[in-house]
Amino acid sequence: MKVRIVPRSKIRVSRKSKSKYDKVKYAIEQLKPGGEALRVKFSDKKELNSIRNIAYAFNKEHDTRIRSSSNPSENTIFFYMEK
């Protein structure tokens, strides 16, 4: 058996990777310090955790401070960027 490391750019991908959270990712990128907040509705606690993980990953990648606040009675979470 021959094993070889190849650059990822040499691998052809036949289908585009798409997430159901792409809209959330795009909207988080549009947040501005002291600007409007983003409201996202979720269906259950598992989905809430996934949405929060997206924001945490964005903070880590872009060295920003996007904050969140949830309203469990209405199943919504708000994201905003402080000044």
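Restricting attention to region 42-83, the residues being among the charged types (D, E, K, R) and either touching a Cys at 6+ places or on another chain (Cβ under 6 Å) or over 16 Å from Glu29 (Cα atoms) (or both) number 5. For region 43-52, give me each residue that is assigned to a helix (DSSP H, G or I), surrounded by fewer than 17 Cβ atoms within 10 Å (Cβ to Cβ) and in contact (Cβ under 8 Å) with a residue 24 or more places away in the chain. Hits for region 43-52 are Ser50, Arg52.
Here is a yes/no grid of residues against (1) open to solvent by 90 Å² or more (accessible area, probe 1.4 Å); (2) in contact (Cβ under 8 Å) with a residue 12 or more places away in the chain:
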position	(1), (2)
Val13	yes, no
Ser19	no, no
Glu29	yes, yes
Pro33	no, yes
Ile54	no, yes
Asn59	no, no
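The residues on offer are Val24, Val40, and the sole one that is of a type in the set (A, V, I, L, M), part of a strand (DSSP E or B) and open to solvent by less than 60 Å² (accessible area, probe 1.4 Å) is Val40.
The values are calculated or read from the model by the stated rules, or taken from the named source; none is laboratory data. Every value quoted in this text rests on a predicted model; they were computed, and no experiment measured them. Ideal geometry is used to build each Cβ from the backbone, glycine not excepted, and the neighbour counts take in all protein chains shown. Quick note on the areas: whole protein, heavy atoms, side chains included, nothing else; ligands and nucleic acids left out. Shrake-Rupley method; radii C 1.70, N 1.55, O 1.52, S 1.80 Å.
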